[in-house]
Structures are given as C-alpha cells and as structure tokens.
Amino acid sequence: MCAWDLATREAVVVLGGDAGPVSAVAIGPDARQVVSGHQDGAIRVWNLKLRSARVLTAHTSEVAGLAFCPDARHLLSAGKDRTVRLWDVVSGHCTRTFAHAVPVHAVCASPDGTAFYSGGADGVVRVFELDWEPDDAALPEWDARARPFLEVFLARRRAGSTGPLAPAEMDALLAELRPSGFGWLTREQLARRLEPLLAQRTAFWDEILRSVPRTRSKSRGRRRARPGSASSRARAPSIPCAAGPRPRSPTRP
C-alpha cells in the first residue's frame, strides 16, 4: 500500500510487509491516520512515522469498506460477514456491531456524525442512527487535538494565501470543527491558534515527507521511496474485538 505525492508522482510512503491483500483504505479527517482493511478480515491502523500498525480483529471475512466518523476517533468497517462495526481507534475496541442480512460492500458516516449509511450486496442502502452518549466533561480553553484539523484546513487554502482568514473562511472552519467535537471553540480562540500556524505552515505530512528515504528510478528518472525496514514490517499484535464502553459524543453544543 502506497501514499503518493500527486505533484511529483512519487510513492512517498510504502506500507505493507506481511499485511496481505488490501481490500479497503480510509484516511482520517485529521489527515494523520490511515487504516487498511484486508481480505482476511483484519483492520490495520498505521503509524506513518514508524511504518508499523496495530491490528484490529473482529470481522470473519473480507473488510470491504472503511470510513472515519468526523471526530477522527471512531471508525466504521463494512464486512462481507454481514456486519458493520464501530471502532474506537484509540482503544482498539469494537464498541458496537450492526448486523445485516447480506454482505456489506460500503459504508460512510454522515457529515455531522449522527448516522451512517451502508450499501449491501442486495443493492439496498440502509441508514442507521448513532445514539452517542453526551460528553459532560468541562470545556477547556483549548484542545490540542484540534490542531490537525486546523492544519488540514490551512493546507487546502490556495497557494500563496498566508494572511489571516477572511470572515467567510473562519465561518467555514467553525462549521467543519463542530461535527469533529470542537464546536465550543470561539472565533477568538481559533484566531490565537491560527496565527502561529499561518507563520510556520509545518504540517504533519511535511514531517512524513522529510523522513522518507528515496532512490532514483533507472527506468523513468523519477525518485521513489524505499520500502520500510524489516523491523517496521514485523507482525503487529492483534487487538481482539471486545465489548467496550459506549462512545462519547463527537459533537458538543
């Protein structure tokens, strides 16, 4: 499995080792997490810097689809074992299982994280509501977990747009943060956190690109990434699916 730089057409990250055939891939909305589904039913959560993975097990046949919830913590997986499973990626627990009458080929979460949609082998799209438990924790002044979302937003700005965000851009950013669990942030809080990011513009993927060793291809003269070392391809420990706590709400009032 490769991550490609579309501008240079280079494979900048190569993952795999003994992971086996890949049947599904998903990237988290914070752009820091990559998960892969496999024909043997395993799901791998990849550490891009270390080129290693944690393995989540529960599906008994091929994982056909993967989708993150907007909070970047919870993951939906569709399996040909006639289930959709909801995972807490941080703990590795399968928290809920949604049975289907037919193999499930696709899954996606709604933009606000309150529902998901599954596509089955019978051609029917089913809608499931997600009954999240409210999070009653006191709201902090700032949550460092919001930073990756700010980096992704800034990376999507047009080249050369380095100044402060326009009012319309700030409104769009606030709208994106609400379903991700940061709807309590104010314009003033965001403005203070965006100022150093606008000046630095050093994102997670910049660090990944700098860490990749490259060699020049003899056939076309392009550089390509070397696969990870043997130690990074070692088999990762398996995390069994267990009845974990019900997930916290991805949204806050």
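Here are some notes:
- Using the Stokes-Einstein relation with a Kirkwood hydrodynamic radius computed over Cα pairs, the translational diffusion coefficient of segment 2-132 at 37 °C and a viscosity of 0.692 mPa s comes to 219 µm²/s.
- Taken along the Cα-to-beta-carbon direction at a fixed 7 Å, the label points for residue 49 and residue 90 span 1.8 nm.
- Computed from the C-beta positions of residue 191 and residue 31, the FRET efficiency with R₀ = 25 Å rounds to 0.70.
- Once the Cα-Cα distance is subtracted from the 0.36 nm per residue extended length, the residue 184 to residue 60 segment shows a gain of 40.6 nm.
- As a proxy for reagent exposure, 178, 44, 54 were ordered by neighbouring Cβ count within 10 angstrom, fewest first; the result is 54, 178, 44.
- FRET efficiency for residue 22 and residue 122, using Cβ-Cβ distance with R0 set to 30 Å, rounded to 0.05: 0.75
- With neighbours defined as other Cβ atoms within 10 Å of a residue's Cβ, the residues 74, 38 order from fewest to most as 38, 74.
Each value in this text was obtained by applying a stated rule to the coordinates, not by laboratory testing. Model, not experiment: these values are computed from the prediction. Here Cβ is always computed from backbone atoms with ideal geometry, including for glycine, and neighbour counts include all displayed protein chains.
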